[in-house]
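Working notes, structure below.
The values are calculated or read from the model by the stated rules, or taken from the named source; none is laboratory data. Remember, it's a predicted structure, so these values are computed and weren't measured experimentally. Heads up, the Cβs are rebuilt from the backbone with ideal geometry, glycines too, and the neighbour counts pull from every protein chain shown. Quick note on the areas: whole protein, heavy atoms, side chains included, nothing else; ligands and nucleic acids left out. Shrake-Rupley method; radii C 1.70, N 1.55, O 1.52, S 1.80 Å.
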Amino acid sequence: MPPPLQAHRMLLSHRRISPAPRRRFTAVSSLSSAPAKTAVAPGPPPSSILSIRDSLLSGERTAADITSEYLSRLRRTEPSVRSFIHVADAAAERDAEELDRRIASGGKDAVGPLAGVLVGVKDNLCTVDMPSTGGSRILDGFQPAYDATAVRRLRDAGAIVVGKTNLDEFGMGSTTEGSAYQVTKNPWDDSRVPGGSSGGSASAVSARQCVVSLGSDTGGSVRQPASFCGVVGLKPTYGRVSRFGLMAYASSLDVVGCFGSSVFDTATMLSVIAGHDKMDSTSSSHDVPDYRSDLVSLNLLESKPLNNLRIGIVQETLGEGVDTGVISSIKAAASHLEQLGSVVEEVSLPSFSLGLPAYYILASSEASSNLSRYDGIRYGKQVSADELNELYGDSRASGLGHEVKMRILMGTYALSAGYYDAYYKRAQQVRTLVKKSFEEALKRYDVLISPAAPSAAYKIGEKTNDPLAMYAGDIMTVNVNLAGLPALVVPCGFVEGGSAGLPVGLQMIGSPFSEGNLLRVGHIFEQTLQDVSFVPPMLADL
């Protein structure tokens, strides 16, 4: 453990932060650095939620038919993709039949906004009727007595929970290889990771195993998998969505987020799950708008729908360590935003590089406290022992994985006497610098953009033995969590790889509670992309 902590200490040494310069963005012409070769006809992604609702209310299809279609696709793709730890197919079929009975008895007016929509739920969110393991053996077979607030609100809106999706153990990882149960694969290329820690939720939506899904984002765990799997991913403002029922990793950073195959579907999800919750003291009472209301269809858009929108492209995210194909895709996306009427300039966030080491100190410190509850007595599988300390030690040793143990040790070390000021306190000071840097930039710009990850999806096992290289992959996302800001990732292009190219995601960052504006910009962006489709090739034959 000393080497990475020593590296953190060096990176967190005193550094003068210079004023952020502004530079006019230089446009490039190509939209994507590698062509998509899928057999699906390109065009704006349709809203699956709207389509399902319309077909139910018109009587064209039943909820049972829709559920059967998705479950059939799930059964055919799951042996390859392995998105789910638990599939509740029988319960989903029962819920669909019950919905059909309500509609047939004249209850169309009572049909919720997510009626008949199949949802995957990340397995660190509690579900009363399904196991909730957090991807860890220590919670193997654990079934909560309640639903997480986000899950309950989805059910109340008519959604059908189809199962629990795979994740890195307790959300600690960037590839979903850290799950204690299985390795999830990327639907675009089954030799590659889907990202993490919400890799199961992202791959399930990408493979159309479910319509939408819930994830959690502590340092990029929604946005990076969204980029790797070519889907839309939203990390809301801290406090926008209740954390009640979310297994805590780092409580000051954790956010419940969502995935969809279109911005409209993601906006619909947020409209349902957002809002104050008395069970979470950190949830905000800020008004929840209908996030769908400003999403205009393609045929109603003006010629310059983003006229006078000010966009800053974060200079530090397009330099050393970022794949050239990713840079080309992001610059092409920026050029597209300019064509839509926005003003795009480069902006420097001088504290940007300091965020990564600060994040890993703070997240690990909070994890060392939060995960103390998994001791074999309060929570977790218990190992027989002759005395209490031995019971604690053996239960945790057998139930927790390597990465989780490593982060607990890192956090405990950073909080220990004699090291608190050097690590934890310094990291909190850096966090303040990061927040101020974003605040200044967002006074001048309506939206900041960057890649969601420095590369496209990489090979399974490629970074398993190099944790520092894996941690470095979070450089694009962790600062947003440190600042508590909302961010939306939309697919924007491709790089070479696999049989059809590998998707790249554009990250859009906004001021607190500006999700509506991010969704509006993201919706216009995806609606106006030409000759590109983000449907994985594995679906061409299904």
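Annotations for the structure displayed:
- Answer residue from the stretch 377-396, given it is touching a helix residue (DSSP H, G or I) at 6+ places or on another chain (Cβ under 7 Å) and free of Cβ contacts under 8 Å to residues at least 60 places away in the same chain and is surrounded by the fewest Cβ atoms within 10 Å (Cβ to Cβ) among those: A385
- Test for V162: is it of a type in the set (V, I, T) and open to solvent by 10 Å² or more (accessible area, probe 1.4 Å): no
- Subset of the stretch 269-291 that is aliphatic (A, V, I, L, M) and assigned to a loop (DSSP other than H, G, I, E, B) - its residue that is most open to solvent (accessible area, probe 1.4 Å): M279
- Residues of the stretch 310-337 that are among the aliphatic types (A, V, I, L, M) and open to solvent by 10 Å² or more (accessible area, probe 1.4 Å): L318, V322, I327.
- Residue match in the stretch 484-506 (condition: over 23 Å from S261 (Cα atoms), modelled with pLDDT of 95 or more and touching a strand residue (DSSP E or B) at 6+ places or on another chain (Cβ under 9 Å)): yes
- Per the conditions (1) of a type outside the set (F, W, Y); (2) within 22 Å of the chain's Cα centre (by Cα); (3) within 24 Å of Y458 (Cβ to Cβ), the sole criterion not satisfied by S328 is (2).
- Test: residue in the stretch 107-119 that is outside any helix (DSSP H, G or I), open to solvent by 10 Å² or more (accessible area, probe 1.4 Å) and within 14 Å of M247 (Cβ to Cβ): no
- The stretch 60-88, subset in a loop (DSSP other than H, G, I, E, B) and in contact (Cβ under 8 Å) with a residue 24 or more places away in the chain, residue farthest from L125 (Cα to Cα): T62
- From I408, I449, I377, residue being in a loop (DSSP other than H, G, I, E, B) and of a type in the set (A, V, I, L, M): I377
- Taking each residue of the stretch 478-498 that is buried (at least 24 other Cβ atoms within 10 Å of the Cβ) and looking for partners that are of a type in the set (D, E) with beta-carbon atoms closer than 6 Å, six or more apart or interchain, yields P486/E515; V490/E526.
- Test for A96: is it over 15 Å from G245 (Cβ atoms), open to solvent by less than 10 Å² (accessible area, probe 1.4 Å) and outside any loop (DSSP other than H, G, I, E, B): yes
- Flag if L340 is among the aliphatic types (A, V, I, L, M), open to solvent by 40 Å² or more (accessible area, probe 1.4 Å), more than 25 Å from V434 (Cβ to Cβ) and touching a residue at least 40 places away in the same chain (Cβ under 8 Å): no
- Residues that are open to solvent by 10 Å² or more (accessible area, probe 1.4 Å) and over 22 Å from N517 (Cα atoms), drawn from the stretch 222-244: R243, F244
- Sole residue being at pLDDT below 95, open to solvent by less than 40 Å² (accessible area, probe 1.4 Å), aromatic (F, W, Y) and over 30 Å from P144 (Cβ atoms), chosen from Y445, Y458, Y471: Y471
- Filtered residue count, the stretch 142-175, keeping only those that are without any contact (Cβ under 8 Å) to a residue 40 or more places away in the chain and in contact with a Ser or Thr (Cβ under 8 Å, 6 or more places away or on another chain): 1
- Qualifying residue in the stretch 75-82 (condition: out of contact with any strand residue (DSSP E or B) (no Cβ under 7 Å at 6 or more places or on another chain), closer than 25 Å to G199 by Cα, open to solvent by less than 70 Å² (accessible area, probe 1.4 Å) and among the hydroxyl-bearing types (S, T, Y)): yes
- Number of positions in the stretch 217-268 that are in contact with a strand residue (DSSP E or B) (Cβ under 7 Å, 6 or more places away or on another chain), of a type in the set (A, V, I, L, M, F, W, C) and part of a loop (DSSP other than H, G, I, E, B): 2
- For the stretch 42-63, the set of residues classified as surrounded by 18 or more Cβ atoms within 10 Å (Cβ to Cβ) and more than 26 Å from the chain's Cα centre (by Cα) consists of L56, T62, A63, listed by residue number.
- Residue check for A417: outside any helix (DSSP H, G or I) and open to solvent by 20 Å² or more (accessible area, probe 1.4 Å): yes
- G505, sole failed condition from (1) touching a Phe, Trp or Tyr at 6+ places or on another chain (Cβ under 6 Å); (2) surrounded by 24 or more Cβ atoms within 10 Å (Cβ to Cβ): (1)
- L468 vs. criteria more than 20 Å from the chain's Cα centre (by Cα), under 24 Å from V504 (Cα atoms) and assigned to a helix (DSSP H, G or I): yes
- Checking each residue in the stretch 527-540 for being touching a Phe, Trp or Tyr at 6+ places or on another chain (Cβ under 9 Å) and part of a helix (DSSP H, G or I) picks out P537, M538.
- Test: residue in the stretch 292-300 that is open to solvent by 30 Å² or more (accessible area, probe 1.4 Å) and modelled with pLDDT of 95 or more: yes
- Selection of first residues in the stretch 300-329 that are on the phi > 0 side of the Ramachandran plot and of second residues that are open to solvent by less than 70 Å² (accessible area, probe 1.4 Å) and in a loop (DSSP other than H, G, I, E, B), restricted to Cβ pairs under 8 Å at least 6 apart or on distinct chains, gives the following pairs, ordered by first then second residue: N308/G341; N308/S342; G321/P454; G321/I475.
- Number of positions in the stretch 168-216 that are surrounded by 24 or more Cβ atoms within 10 Å (Cβ to Cβ) and either assigned to a strand (DSSP E or B) or of a type in the set (G, A, S) (or both): 23
- In the stretch 343-364, the residues that are crowded, with 24+ Cβ neighbours inside 10 Å and of a type in the set (G, A, S): G355, A358, A363, S364
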